[in-house]
Each structure stands twice: as C-alpha cells, then as structure tokens.
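The values are calculated or read from the model by the stated rules, or taken from the named source; none is laboratory data. This one's a predicted model, so the numbers in the text were calculated from it and none came from an experiment. Cβ placement follows ideal geometry from the backbone for every residue including glycine, while neighbour counts extend to all protein chains displayed. Calculation scope for accessible area: heavy atoms of the full protein, side chains included, ligands and nucleic acids excluded. Shrake-Rupley method; radii C 1.70, N 1.55, O 1.52, S 1.80 Å.
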Amino acid sequence: MKPAPFEYARAGSIKEASELLARDDITARILAGGQSLGPMLNLRLAQPDLLVDITGIPDLVAAERDGDSLYLGACVSHANVEDGRIPDVTNGALAEVARGIAYRAVRNRGTIGGSLAHCDPAADWPCVLPALGARAVVQGANDKREVAVEELMQAPFEPGLEPGEILAGLRIPAMSPDARWGYYKYCRKTGEFAEAIAAVAWDPARGFARIVIGALDTLPIVLGDNERLFGDTPERKPFDTYRPEEADRMLTDAGVRDPLKRQVHMVALRRALEFASA
Amino acid sequence: MKKISLTVNGQSVTADIPARTQLADFLRDNQLLTGTHIGCEHGICGACTVMIDGAPARSCITYAVACEGAEVTTVEGLDDDPIAEELRRAFQEQHGLQCGYCTPGMMVTARDIVRRFPDADETRIRHELSGNLCRCTGYVGIVRAIRQVIEARRRNGASDGFTARSELGPVGSGHAAANAAEAVAKPAEAVKPVATKARKSAASGDKAASGPRPLNEMQRSLRISGPREQVWEQFEDIAALARCMPGAHVSEIDEAGRMIGVMRVKFGPISAAFDGEADNERVEDAYRGKLFGTGRDQRTGTRVTAEVDYALHEADGGGATDVAISVRYGLSGALAQFARGGLVEDFADRLAQQFAGNLERMLSGEQPATGDGDAGNAGNDVNAVSLVLGVLGARLRRFFNRLLGRG
C-alpha cells in the first residue's frame, strides 16, 4: 500500500527538530532510518501529518570513545555497527548483535536509536542495550538528560519522551577485557520478528551482571542481580548454578501462560548463557 | 510537493514529487525505471532492493525525499558492472530465475554477497539471501548461481576486497541541507471532529451487522477495593464508568441509555479516535452484565466491535470486589493489519488496570486521574506514557524486589 499523505521536514539541528515535534496542532513523528516506521506508514497503521527527518543532524551520527564508555549517536546504522565502523568496547557484542538484525538491506538504513525509541519488544536493541547497562541521552530544545535505557522504555512502542524530546544518543559502558556476554534470538525465519531473545552480560571486574529476557508481549525483563536465577553464588561462576525453575516462574509472572512459549524463552536463555560461559 | 535532486544510475535527476512517494515508485513512475519491482511494500520480500550510496536498501520503505543528494543504482544501472555481468551469466546457467519477479532484488543482494563474502559457503549465502523472497521458490538455482560466481572469482583471484562505507548513518541520508523551515504541515482534514448526528447514524442499526465479527478474545480479572454492592451501583452509571476509561469521552446518552461518544487510543505511532456508541445491559441480582460497543476511526477507516461480559464477585471477606471480564473484539480496516495480538493484549491490560484504578478512586470519592491533568473530563488520549507508569513500573518493581530479596 501507499502511505497516507504527510509533510516532510529535514531538521538541521536537534533544536529545530524539537520545535517541530513539540507542535500540538499536528501529529509529528521522527523519521530516522524508517525501517520500522516505513512499514507502518505504508500499511497506513500510522498516519502522521509530518515526518521530521533527523538523519542530517551531525550530532546524531557521532561515534566516539568517551572515557569508560562509548557514545553512539542515535542515527548510527546497524550496518555501521556490524561493519566495525565504531570503536568496539563490548568485546564484539554490539557487532554480533547488529549482524543478526533483519536483513542487510534493512541494516543499511535502520538505526540503533530508532530501534530503541520504537520500543518494539521483539527487536534486538531494546533487549541488548539494557543487558549492557547502556544509558540513553535524551535532548529537548533546551535541556539534556540521561536515563538508563530500561527506564526510557515505558511500554511497547512507548519511549518515555516528552513532547519535543529526542533520543539523541546512547552511552554504552566499556566492558573489561575478561567480561563475557551471550546473545540468542529465536526466529521462525531468519530476520523476522523474534519469538524469544535472551541477552547476558557478565563483567566480574566491574561487578556487573545483567540478564535480559525479551521478545515477550511486554517490555523485556531486565534482571540486574543474578541471585534468584543463579543460586546463592552471584560472584562466582554464575552460569554453572543457573536455576531454570526460577526463570520459568519469572516468565509465568510476566504473563507468558503458554508452556511451549515459556520453553522457547528458556531455551534461548540457556543458549545465551552457554555462549557466555564458553 | 517536494523538489528533490539525486543521482540515479549516474545521471543527475530533479523532480517534484509528493513527500509520501516511495523511492521505488519514484524510480518506476517518475524515472520509468521499471526494473525495480514492488512486492510487499513493507520491507519483507526484497523485490524492491536497490543500491543507495553503494549499499543495498529497500526502496519501498525508503521515501524518495529522504534520498536528497544520494546516489541510487537500480538493476538497469548494473549493465556494465563486472560482478553483475558474471551473476547474469550464472543465473542463466543455473536456472536462477523462473518468473523473474524477484530477480532485480536478487541481483542487487547477490552482488552484495559476492562483494562482502568472498569465502561464503552455501549456509552463508542462504542466510544473507534470506531477505529476498522468490515466489517461485527457486532458491536452489539462485544459491548455486551465487556460489558459482564466488568460486570463479576466488579461482581467478578477482575478489576486490570489501570496504564498508566510512560515513555513519543510514544510506541515502546526510547529503542535503536542512529544509525544516519549508515545513508547512497542517492538521489533516480527517482529524476534525465529526458531527454527533453523523456518528449516530453510522453506529446505529443491527448490532451484529454494524461491525466486524469479534473474533479475538481475552479474559481478565480485576480486583477493586470496595464492597460488591457499591461497585455494582457504580457500574449502573455508565457515564461515570466511561470517565474511568482513559481516552473515552461521552458526548450524549440517549433515552435508551446508549452512550454516544469517542474513544481515543494512542499506541506508539498508531493513533485512532473511534466514534461510536455503547450499550450496557445489566442482569440485576446476578451482578453481571454486558457492554456492547461499535466504533469507527475516521482517519484510518478502521471499524471496531467489542463485547465485554463482566461479573462481580465478592472478595477479601466482602471488602473488595473481583470483576471478571471477558472481552471479545474485532477490527476491520487498516488497523486490523496490526498482527501482533500479544502486544494488543498487553495494551488492553494496561487500559484495564488504569480503569480499575480510576474506578477505585471514584468509589473513594476522588476524581479519576485520566493522565494529562484533564481529570474528570476524560477527553484525553490513552497515552501510554502517563498510563503505564503505574502498571509497568509496578511490574518492574516486583521483579527487582524479588531479586533483591524484598519480594
């Protein structure tokens, strides 16, 4: 199908974009790579009056090492990450995840910030970024704030952005050289919406451990402490003391009522853990 | 109309096009380059894959206005490309096409595979090709053709080494100056409120015939603090009930007790305002009843039908009431294409929680909080930002509490 008519504006600065997005007489949406919004526009699920293209804003395509973290502008594409055009601070995790997003033709336009701000629970970055302890840099016309990505996401498709605010970038903490990570995504067909996602990061040198269970019908479950999933030894060999019955109970609590679906999620989690332990 | 300038197959072109023009339509209808095919138009099938700034991209979910100043290469532009030449020969030899519909997209993707993966085996080729669907299912010949080219180039030492583009950001973007000052977006006509009279006639008539069949079903239970008798009384006042529902606005209640009004819903990029009507049929003494509603969203032309059976049970020694709800709903029109039922249920859960919270507040004599500070006059969109904080926040807190041993 063809999209309903819309106006298009290419913003030159965050301030300019912010002012257009803050208008309350029209429905304005941010356009980055458009790889999630484009289908919704073409199917006429979304019918905004105005698209504000933010990909020409120089600040949003930055990528730089900043002390103990990597700053990535929101409009860095999945392919940029896959191709190693950004500094690697995650022992290869970001590039490996990027490689598995949709298809190359989509990755060449889809952006990391767009994917996070779209808050699709079945997408890769909304599961991986919380696992890495990433923070979102949110900018409005006049002020700037930082928030943990799992706090930014408030519901499927609902980032906690006030009118006029833009997800400007991401701050991703650098992993220690001996840190481990694991990621497993289950799809019926390569590149389709995931049916289960598990992301694991373990960095004993920084005292950091995260597990994310995603591709649920609601936001990912972000576990910042592995006590319940891993017995009573969170500091030592956590993956060897994994307690599947706890994971099963958490999934049930999260509303995954179908035992088959729970099993698929648990297998994804186990495989991510195995990858991180290997 | 927007004026755009870009390079197509090495030629500079300029055109005036509506902003909503897909790059694929611009190439086919404006540039008459009909080699680019259009299949699904939502980024799945790959038939429309072209090269933008030297890298493959979907021309159906890329708008031409977003490619200002970019370099676009279609299958027509690959005539003199050496890899494409080898691929064409191999596709012929290996029977890599039947009807030819997917072939232009296959050529672009195949060329990308040959360039990026000079050592690709069959598994790698199939993985990388997974974003291009062949409706004849002729993948065996296509994969063989790509393999043949890769192996021949390896033998001849012809692999030219892939270098990723150095620019950051989406391909096609970043070439042009800002034009935000030109933006003169006005609210679309369709969002203007329609007269109540028109709503009435649209929604009246035989219930079963007036809307899509309610084929989706979900059951939920809500606990509301307050004795059953009091909650039941409250359920009689449908205008008050509507005030508890985020996004609902009642404009009129007719003699038969039927509500006429609008239900506004915002779900990420999707927003709708369903004009319609709802009935509440109560079975007195049994503490149960049924709500029946139909509505239509003017902007998307989507129609909705919902039936809600509710039954009130005493709980917590009479101090609380469990409301068992069974919802059946149906959608037809654009929004019915949203095939993520689980997400819709999650959204409905959040609505139900907000409704229950508002109902409790009303039972205790407070105004329902409808989200945007417009309390009591529920003309607000169901905006999940304000709505979910409570529910989702609670869910996350529960997990963290359990983790930290406080649960």
Keeping every protein chain present and rolling a 1.4 Å probe, give me the accessible area per residue for segment B:39-113 in Å².
32
Spacing of the two label points (7 Å from each Cα toward its C-beta) at B:D16 and B:K290, in nm
5.8
Taking only protein heavy atoms into account and a 1.4 Å probe, give the accessible area per residue of segment B:128-168 in Å².
53
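Near B:K3, within a Cβ-to-Cβ distance under 12 Å, what is the net charge of the other residues, with Lys and Arg +1 and Asp and Glu -1?
Taking every other residue near B:K3 into account, the sum is -2.
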Tell me, in nm to one decimal, what length is gained between A:A205 and A:T252 on full extension, where the rule is 0.36 nm per residue of separation less the Cα-Cα distance?
13.6 nm
Cross-link list A:K15/B:K266; A:K2/B:K266; A:K189/B:K290; A:K15/A:K185; A:K144/B:K266: which exceed 32 angstrom alpha carbon to alpha carbon?
A:K189/B:K290; A:K15/A:K185
Running Debye on chain A with equal point scatterers at the Cα sites and no solvent, what base-10 log of I(q)/I(0) appears at q = 0.08, 0.13 Å⁻¹?
-0.33, -0.85
Give, rounded to the nearest 20 debye, the magnitude of the charge dipole that the protein assembly as shown has about its Cα centre when Lys and Arg contribute +1 at Cβ and Asp and Glu contribute -1 at Cβ.
1360
Could you work out how far the C-alpha centroid of segment A:2-22 sits from that of segment B:99-150, in angstrom?
37
Only four residue types carry charge here, +1 at the Cβ of Lys and Arg and -1 at the Cβ of Asp and Glu. Report the dipole size of segment A:121-221 about the Cα centre in Debye, rounded to the nearest 20.
360
Acute angle (nearest 10 degrees) that the helix A:259-277 long axis makes with the longest principal axis of chain A, alpha-carbon atoms
80
Please identify which residues in segment A:77-121 have an amide N closer than 19 Å to a label point set 7 Å out from the Cα of B:S166, following the Cα→Cβ vector.
A:77, A:79-88
Applying the Karplus parametrisation 6.51 cos²θ - 1.76 cosθ + 1.60 with θ = phi - 60° to the phi angles of segment B:276-291, what ³J(HN,Hα) value in whole Hz is obtained for each residue in order, glycine and proline being reported as x?
x, 9, 9, 10, 10, 9, 9, 9, 4, 6, 8, 6, 9, x, 9, 9
Keeping all protein chains in place and using 1.4 angstrom, which order do B:D275, B:D80 fall into by accessible surface area, from largest down?
B:D80, B:D275
Dipole of the protein assembly as shown (Lys/Arg Cβ +1, Asp/Glu Cβ -1, origin at the Cα centre): which of B:V283, A:I221, B:I325 lies farthest to the positive side?
A:I221
Taking 7 Å along the Cα-to-C-beta vector as the label spot, tell me the B:E314-B:R223 distance in nanometres, rounded to one decimal.
1.7
About its Cα centre, what dipole magnitude does segment A:58-173 give when the only charges are +1 on Lys and Arg Cβ and -1 on Asp and Glu Cβ, stated in debye to the nearest 20?
340
Treating the Cα atoms of segment A:58-173 as identical point scatterers in vacuum, please give the log10 of the normalised Debye intensity I(q)/I(0) at q = 0.10 Å⁻¹, two decimals.
-0.25
If R₀ is 51 angstrom, what is the calculated FRET efficiency for the pair B:L32 and B:N216, using the beta carbon separation as r and rounding to 0.05?
0.70
Using only protein heavy atoms and a 1.4 Å probe, how much accessible area in total is buried between A and B, to the nearest 100 Å²?
7200
Under 12 Å from the Cβ of A:I14, count the other residues' Cβ atoms, weight Lys and Arg +1, Asp and Glu -1, and hand me the total.
-3
Just reorder B:V140, A:V138, B:V327 by solvent-accessible area, largest first, 1.4 Å probe, all chains present.
B:V140, B:V327, A:V138
What part of the accessible area of the protein assembly as shown, given as a whole %, is carbon or sulfur when the probe is 1.4 angstrom?
48
Inverse of mean 1/r across different Cα pairs in the protein assembly as shown, Kirkwood, Å:
26.9
So if R0 is 56 Å, what FRET efficiency would B:E182 and B:A324 give, r being the distance between their Cβ atoms, rounded to the nearest 0.05?
0.50
So with the 1.4 Å probe, I'd like the accessible area per residue for chain A, rounded to whole Å².
36
With each label point set 7 Å from Cα along the Cα-Cβ vector, what nm distance links A:R188 and B:T137?
1.6
